[in-house]
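The values are calculated or read from the model by the stated rules, or taken from the named source; none is laboratory data. Since this is a predicted model, take the numbers as computed values, not measurements. All Cβ positions, even for glycine, are placed from backbone atoms using ideal geometry, and neighbour counts span all protein chains on display.
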Amino acid sequence: MEPIKAFIQKWRDKLAYMEFSDLFPQNKKCDVRDIRSVIFFIGIYLVALIFCALFFVVLGSIPFIWWLFRFIGVVVGIYALVGMVHILLQYMKYNS
């Protein structure tokens, strides 16, 4: 029982000190002072959006499990959009 309590406490502490940028670890690797790096990471997010659109359309038409594929596609699509906005705001913050 003690290892389970220690595991739960570890994750509780980790979540308590989490910042918004911790949700987007790719953005930490991006040099926001260099436009080429920003464009590269926006390209990664665009590829994720295209993949989600294909995931949404192609696998979303399968009967009985369409709702699962559409849910995953929407969640990852929203994550990619928020990530692009986050990296653009970081770029504008450091280069304005």
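Can you tell me which residue within the range 22-56, out of those that are charged (D, E, K, R) and out of contact with any helix residue (DSSP H, G or I) (no Cβ under 7 Å at 6 or more places or on another chain), is modelled with the lowest pLDDT?
Here is the first cut: in the range 22-56, the ones charged (D, E, K, R) are 22, 28-29, 31, 33-34, 36.
Filter once more, keeping what is out of contact with any helix residue (DSSP H, G or I) (no Cβ under 7 Å at 6 or more places or on another chain): 22, 29, 34, 36.
Working: Asp22: 64, Lys29: 69, Asp34: 80, Arg36: 87.
Filtering first and then ranking leaves Asp22.
Yes or no: the range 71-78 includes at least one residue that is surrounded by 11 or more Cβ atoms within 10 Å (Cβ to Cβ), under 19 Å from Ser37 (Cα atoms) and touching a residue at least 24 places away in the same chain (Cβ under 8 Å).
Within the range 71-78, not a single residue is surrounded by 11 or more Cβ atoms within 10 Å (Cβ to Cβ), under 19 Å from Ser37 (Cα atoms) and touching a residue at least 24 places away in the same chain (Cβ under 8 Å).
Quick one: in the range 43-68, of everything that is part of a helix (DSSP H, G or I), surrounded by fewer than 14 Cβ atoms within 10 Å (Cβ to Cβ) and of a type in the set (Phe, Trp, Tyr), which residue is nearest to the chain's Cα centre (by Cα)?
So the residue we want is Trp67.
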